[in-house]
Amino acid sequence: MSVPHSAREARNLRLIQGLTYLMFLMFAMTTDAVGAIIPKLIHEFSLSMKAAAAFHYVPMAAIAVGAILLGVLADQWGRKPTIIFGLALYGISSVLFVAGSSFVTFVSLLAISGLGVSIFKVGALALIGDISHSTTDHTAQMNKVEGFFGVGAIMGPAIVAMLLRGSFSWKYLYVMASMLCAVLILVALLVRYPDSHKQRADPVDLGRSLQMMRDPYALGFSLLIVLYVCVEVAIYVWMPTYLQGYSAAPAWLVAYSLSLFFALRAAGRFIGAWLLRRFYWADVLVAFSFAIAACFLGSLWGGVPLGVYLLPLSGLFMSVMYPTLNSKGISCFEKREHGAVAGVILFFTAYAAAAFPLAMGAVGDAFGSVKSGFVLATAFALLLFLALLFNRIAQPARQRLRSRDHSEYQSTA
């Protein structure tokens, strides 16, 4: 009897992993396609760069609000109900794009979908902790999941390009995402989730989440993620606008620069799942952050002729940054608190993703050039390198992570 039971458990685990991979792929299709959509919006609705950036910062702001206010649902309700509820919000708001015709309507729908993303993503992040066997395995799992996010990020701009070439509206991207969302809800209803870890008697609620924002580990990793996200969003929100009209490079390179960035980021994340099992994570992040800063500095020094090559290349080095920092921040806490801490980190992630493109757009409008915004992004790339270098030297979280390996994972190792 034990063999069939073990086989069922293994099959169920594969279904859970597949569901999680597809969730990340699905919402990446829409969130990371904004760089390809913004130039169309500017033309269609006669918008400034700052106004058009609302298509990105409004859903990111909604994700931030949802993460901090609703992130605890994954610990209170359990992973499964939280994921299904979040997917339903995302799917309904996405399918309604087909009926929209104004910029305000689209931005409002994006705000609702952002709330949905915050809910099901926190549930998924907590679930990854439930099925991991150690803090190192957690990091590898996170890189693999974010690798599928990277695949979705490649698909989104490519789908937008195909829709526009076929004289279809970009909004059908959201309709496609809603169809995939319906399939994921059905699978989530049928699959059996592992039991959530509940090892403490005190409740995990909104008050605990707000208190966690002052925890040095949650705050420290969140601030590192803020620096990274500011650098990443500079690429996928403003790079297409920055390179638009440049004709000295091969036409395919300019047209598919964003897809190339996402392809390198996705490939790097799958490689990162292997790399981080063999090398110390802090060493990898220092080396990769140095390479990112070099790409941005080279792009400023050489202008668009060099930036058209270096900015997409930076995706390879950005690949492991977010999933590694995210996983280490979450792993510093008990599994029963993974939903709450994932919500805190997601709040800072989304806040940075909302605010920084807006800041870049404002700088670009003020100085009359998108390049001005990339000067700001380069400064953040340098700050990220310095912060990760300090993290490697001081290693403030090393003892905490070792402690969690013994207390949270020894039973499943």
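No value in this document is a laboratory result; all are computed from the given coordinates. Predicted model, so just to flag it, every value in this text is computed and none were measured. Cβ coordinates were reconstructed from backbone atoms using ideal geometry, including for glycine residues, and neighbour counts include every protein chain displayed.
Return the calculated 222 nm mean residue ellipticity for the chain, to the nearest 500 deg cm²/dmol, obtained by summing -39500 (n - 2.57) across DSSP H runs with n ≥ 4 and dividing by the residue count.
Values: 19 runs with 336 residues, N = 413.
Roughly -27500 deg cm²/dmol at 222 nm, from the helical runs in the chain.
Please compute the modelled spin-label separation between Met162 and Ala291, points set 7 Å along Cα→Cβ, answer in nm with one decimal.
3.0
Using 0.36 nm per residue, how much length does the chain from Arg192 to Tyr172 gain when fully extended, once their Cα-Cα distance is taken away?
Details: separation 20, 0.36 × 20 = 7.20 nm, distance 3.23 nm.
Full extension of this stretch gives 4.0 nm more.
Pull out the extension gain between Ser407 and Ile271, defined as 0.36 nm times the separation in residues minus the alpha carbon to alpha carbon distance; nm, one decimal. List each step's numbers first, then the result.
Numbers: separation 136, 0.36 × 136 = 48.96 nm, distance 2.88 nm.
Full-extension gain reported as 46.1 nm.
Could you tell me which of the pairs Lys121/Lys144; Lys121/Lys371; Lys80/Lys328; Lys171/Lys328 are separated by over 25 angstrom between their Cα atoms in the structure shown? Numbers along the way, then the final one.
Numbers: Lys121/Lys144 15 Å; Lys121/Lys371 33 Å; Lys80/Lys328 23 Å; Lys171/Lys328 36 Å.
Going by Cα-Cα distance, Lys121/Lys371; Lys171/Lys328 fall outside the 25 Å limit.
With labels modelled as points extended 7 Å from the Cα through the Cβ direction, what inter-label distance (nm, one decimal) is found for Phe390 paired with Ile42?
About 3.5 nm, to one decimal.
In whole Hz, with x marking every Gly and Pro, tabulate ³J(HN,Hα) for the range 360-376 from phi via Karplus 6.51 cos²θ - 1.76 cosθ + 1.60, θ = phi - 60°.
So the J values, rounded to whole Hz, are 5, x, 5, 5, x, 5, 5, 9, x, 7, 5, 4, 4, x, 6, 4, 4.
What does the charge add up to near Phe261, with Lys and Arg as +1, Asp and Glu as -1, over the other residues with Cβ less than 12 Å from its Cβ?
Around Phe261, the surrounding residues sum to -1.
Run the numbers for Ile131 and Arg400: contour at 0.36 nm per residue of separation, minus the present Cα-Cα distance, in nm.
Separation in residues times 0.36 nm, less the Cα-Cα distance, equals 94.8 nm.
Using the Cα atoms of the range 42-124 to build a convex hull, what is its mean projected area in square nanometres? Please report the intermediate quantities before stating the final value.
Values: hull surface 21.6 nm².
Result: a mean projected hull area of 5.4 nm².
Quick check on the range 257-413: what are the equivalent-ellipsoid semi-axes from the Cα gyration tensor, as sqrt(5λ), descending, whole Å? Spell out each step's value before the answer.
Values: eigenvalues 205, 63, 40 Å².
Taking √(5λ) for each eigenvalue gives 32, 18, 14 Å, largest first.
In the neighborhood of Pro157, defined by Cβ-to-Cβ distances under 14 Å, what is the net charge if each Lys or Arg adds +1 and each Asp or Glu adds -1? Could you put the intermediate results ahead of the total?
Numbers: positive: Lys40, Arg165, Arg265; negative: Asp32.
Once all neighbours under 14 Å are counted, the net charge is +2.
Can you work out the base-10 log of I(q)/I(0) for the chain at q = 0.06, 0.09, 0.11, 0.13 1/Å, using the Debye formula on its C-alpha atoms alone?
-0.22, -0.51, -0.77, -1.09
What is the pair-distance distribution P(r) of the range 90-195, computed from all Cα-Cα distances in 10 Å bins starting at 0, with each bin given as a whole percent?
The calculated distribution, bin by bin, is 13, 36, 33, 15, 4.
Place the peptides 172-181, 278-287 in order of packing, highest mean first, counting for every residue the other Cβ atoms within 10 Å and averaging per peptide.
On the way: 172-181: 20.3, 278-287: 16.1.
The most tightly packed comes first, giving 172-181, 278-287.
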